[in-house]
There are 2 protein chains.
Amino acid sequence: MTKVTAVSDSHLSGVAIWRRIADAVRLDIVGGKLARGDKLAGEVELAERFGANRHTVRRALQALAAEGVIRTEQGRGSFVDSAKRLSYRIGKRTRFSEGLAGQASELRRQVLGTRLENASASVAAALGLVSGAKVTRLDTVSLADGRPVSRATSWVGYRDFPEFAARFAEEQSTTAVFAGLGVSDYVRASTRISARHADAEETALLKLAPGAILLVSEGVDADVDGRPILYGLSRFPADLMELVV
Amino acid sequence: MTKVTAVSDSHLSGVAIWRRIADAVRLDIVGGKLARGDKLAGEVELAERFGANRHTVRRALQALAAEGVIRTEQGRGSFVDSAKRLSYRIGKRTRFSEGLAGQASELRRQVLGTRLENASASVAAALGLVSGAKVTRLDTVSLADGRPVSRATSWVGYRDFPEFAARFAEEQSTTAVFAGLGVSDYVRASTRISARHADAEETALLKLAPGAILLVSEGVDADVDGRPILYGLSRFPADLMELVV
DNA sequence: TCAACTTGTCTAATGAACTAGACAACTTAG
DNA sequence: CTAAGTTGTCTAGTTCATTAGACAAGTTGA
């Protein structure tokens, strides 16, 4: 509502003004207020709107151009150069790639690795195990049209599914692996959603600008009898993705 | 995984190192890794862990102390002084105050005001109206134990419910108003969840530190025949709240 | 061609953010 | 009491963020 002080208090916030302007402009784009090809307001007008200097606005636009969100042409202006946010569908039968069906022409999942580890308190609680129990951990990054769109970690109890890692190396599909291990079907039992800043590893793997915001989805999949079989922690860049329940 | 460069590149990010440290420590607290009363690592150890100077860590801790998240005592250390995140339940029959039942002793909703306006493109699309149609807009802030935990805006078509604003002024309950207008029941038809930085108005109303992250939930409620009757946009501070589907 | 409007580049000054080192003040365990 | 470990405070220097103003260079339409 109020336009003045829209982006002041830079000292108190610890977030640079140019970054807040970049975030605001990006939000108009991924939120749908500006479509691909649309012309942005001029640098002078943006500077007035945000109560900042033109140089500060320029730095914000440069950051957006580096991200590939806009394109700037001397003498003409800046133009939107990216599409809307992708929607990831979450439901009772959430499976990889179904959630993004139709929104990207090429979907790929990169497996970073599997390993055996001892369950942390939260993993143990989600899977109904004692803290420290052996679990198989699977780390992946998903890409839509070559762009990383999610970083996921899954945990499966080792006692119930000792062959999970070995089979996954061949099948490359959680659904197929569970099917081969006697779990014909499974459904999403619960989902918790939160948001936070990306850490250094996530920033690198998802190719984000440092300080980017992640949507975090924590879910437990259960078999037909309601027994938890898989605990998953997925992280989505909030600029690129939204979750649809 | 990698510990070095954990919080470097401050120039590229536009987010101050002290703020990123504060966010990381707060995440350990609201995420449950540290419980109320626990002692944080010493300033020197934290400085090593984040690859930053002790003064920078001190600034982060001062910000957290100002938020009321920790308490620092000379010669002793810093101690956790706040609880875990609240969970807001989202389901087919999401009603205010049910979502937070049992997690706070006092729940209150402050009505900022109602007004008549012309539907924006997104509001019109959600309610199945033509763009620019008259809609009643309701703005609220919800508080749990006196602390603001959500900022919500709702839109209701004026043509279908011309008396909405007048009745709401008396009833103060959406469910009761709809009941009085002949809608005995309604369910959540769809929910979209995203995340972004808070703007100036949200920062003020929710009493946040500038640059805070919001979880944004966008939902459409429909009557028993599936006709959309209400479009709602709720914003939750990501530090305080998580959404449970 | 010209005038108006756009982005690109340069210089300069101020304040915030970060680092470095040293020492004071306080708490705790021995 | 003492030593070790903790937070509090000071000085000083470097780099980044932001503002201000001026002018160059490209685009557009009259």
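The values are calculated or read from the model by the stated rules, or taken from the named source; none is laboratory data. Small disclaimer: the values here were computed from a predicted structure and weren't measured. For neighbour counting, all protein chains shown are included, and Cβ atoms are generated from backbone atoms with ideal geometry for every residue, glycine included. Please note that ligands, DNA and RNA were not included when accessible areas were found on the heavy atoms of the full protein model with its side chains. Shrake-Rupley method; radii C 1.70, N 1.55, O 1.52, S 1.80 Å.
Using all Cα-Cα distances in the range B:98-138, what percent lands in each 10 angstrom bin from 0 up to the longest? All Cα pairs, binned at 10 Å, distribute as 26, 29, 24, 20, 1 percent.
Relative to the longest principal axis of the Cα atoms of chain B, the long axis of helix B:54-67 lies at roughly 30 degrees. Can you list the lysines whose alpha carbon sits under 23 Å from that of B:LYS84, skipping same-chain ones fewer than 8 residues off? Once the sequence-local lysines are set aside, what remains near B:LYS84 is B:LYS33, B:LYS39, B:LYS207. Cβ-Cβ distance of A:ALA41 and A:GLN110, R₀ of 45 Å, FRET efficiency by 1/(1 + (r/R0)^6): the value works out to about 0.70.
Candidate cross-link partners of A:LYS92 among the lysines, defined by an alpha-carbon separation under 22 Å and a same-chain spacing of 8 or more, comprise B:LYS92. Helical runs assigned H by DSSP (4 residues or longer) give chain B a calculated mean residue ellipticity at 222 nm of -7500 deg cm²/dmol, each run adding -39500 (n - 2.57) before division by the residue total. Working from Cα pairs under 8 Å separated by at least six residues, relative contact order for chain A is 17 percent.
Distances between every pair of Cα atoms in the range B:1-142, grouped in 5 Å steps from 0 to the bin holding the largest one, split as 2, 8, 12, 13, 12, 10, 9, 10, 11, 7, 4, 1, 0, 0 percent.
Between B:SER82 and B:GLY37, the built amide H atoms are under 5 Å apart, and every one of these is 5 or more places off in sequence or on another chain.
The distance linking the range B:163-215 with the range A:18-61 is 28 Å (Cα centroid to Cα centroid, whole angstrom). When nucleic acids and ligands are ignored and a 1.4 Å probe is applied, A:MET241 ends up with an accessible area of around 0 Å². Between copies, A:VAL111 shows label-point distances of 5.8 nm, shortest first, with the point placed 7 angstrom from Cα along Cα to C-beta. Computed with a 1.4 angstrom probe on protein heavy atoms, the A-B interface buries about 3400 square angstrom of accessible area in total.
Of all residues in chain B, the one whose Cβ lies closest to the rotation axis carrying B onto A, together with that distance in whole Å, is B:ALA195, 2. The GluC sites (Glu not before Pro) of the range A:147-177 that DSSP puts in a loop, and whose beta carbon has at most 16 other beta carbons within 10 Å, are A:GLU163. Distant-in-sequence amide contacts of A:VAL15, defined by a placed amide H-H separation under 5 Å and a gap of 5 or more residues or a different chain, comprise B:ALA16. Extension gain, B:GLN74 to B:SER184: 0.36 nm times the residue separation minus the Cα-Cα distance gives 33.6 nm.
With the whole protein complex present, B:ILE229 retains an accessible surface near 10 Å², based on a 1.4 Å probe. Set the Cα radius of gyration of the range B:150-228 against 2.2 N^0.38 Å, with N its number of residues, and you get 1.34.
Counting only Cβ charges, +1 for Lys and Arg and -1 for Asp and Glu, the dipole size of the range A:10-80 around its Cα centre is about 80 debye.
Across every pair of non-identical alpha carbons in the protein assembly as shown, the mean reciprocal distance, once inverted, gives a Kirkwood radius of 24.3 Å. Give me the Debye-computed log₁₀ of I(q)/I(0) at q = 0.08, 0.09, 0.12 Å⁻¹ for chain A, equal point scatterers on Cα only, no solvent, two decimals. So the normalised log intensities work out to -0.40, -0.49, -0.77.
Can you work out the FRET efficiency for the pair B:SER173 and B:ASN118, with r the C-beta to C-beta distance and R0 = 35 Å, to the nearest 0.05? Walk me through the numbers on the way to the answer.
Values: r = 26 Å, r/R0 = 0.75.
Computed FRET efficiency for B:SER173 and B:ASN118: 0.85.
With a 10 Å cut-off around each Cβ of A:205-211, the average count of Cβ atoms from other chains is 4. In this label model, A:THR153 and A:ALA66 are separated by 2.8 nm, measuring between points 7 Å along each Cα→Cβ vector. In summary, the convex hull built on the alpha carbon positions of the range A:105-245 has an orientation-averaged projected area of 8.7 nm².
Around the amide H of B:ALA133, modelled in the peptide plane, lie the amide H atoms of B:ALA119, all under 5 Å away and 5 or more residues distant in sequence or on another chain.
Stretch A:ASN53-A:ASP160 to full length: gain in nm at 0.36 nm per residue minus the Cα-Cα span?
Details: separation 107, 0.36 × 107 = 38.52 nm, distance 6.08 nm.
Here the segment from A:ASN53 to A:ASP160 would lengthen by 32.4 nm.
In the protein assembly as shown, the DSSP beta bridges split such that about 95 percent are antiparallel, to the nearest 5.
Within chain A, what percent of beta bridges assigned by DSSP are antiparallel, to the nearest 5?
Details: 52 of 56 bridges.
Bridges in chain A are about 95 percent antiparallel.
Please compute, over every Cα-Cα pair in the range B:10-80, the percentage with a separation greater than 19 angstrom. The partial results should precede the final answer.
On the way: 663 of 2485 pairs.
Counting every Cα pair in the range B:10-80, those more than 19 Å apart make up 27 percent.
Computed over neighbours whose Cβ is under 14 Å from that of B:ARG76, the net charge equals -2, Lys and Arg +1, Asp and Glu -1.
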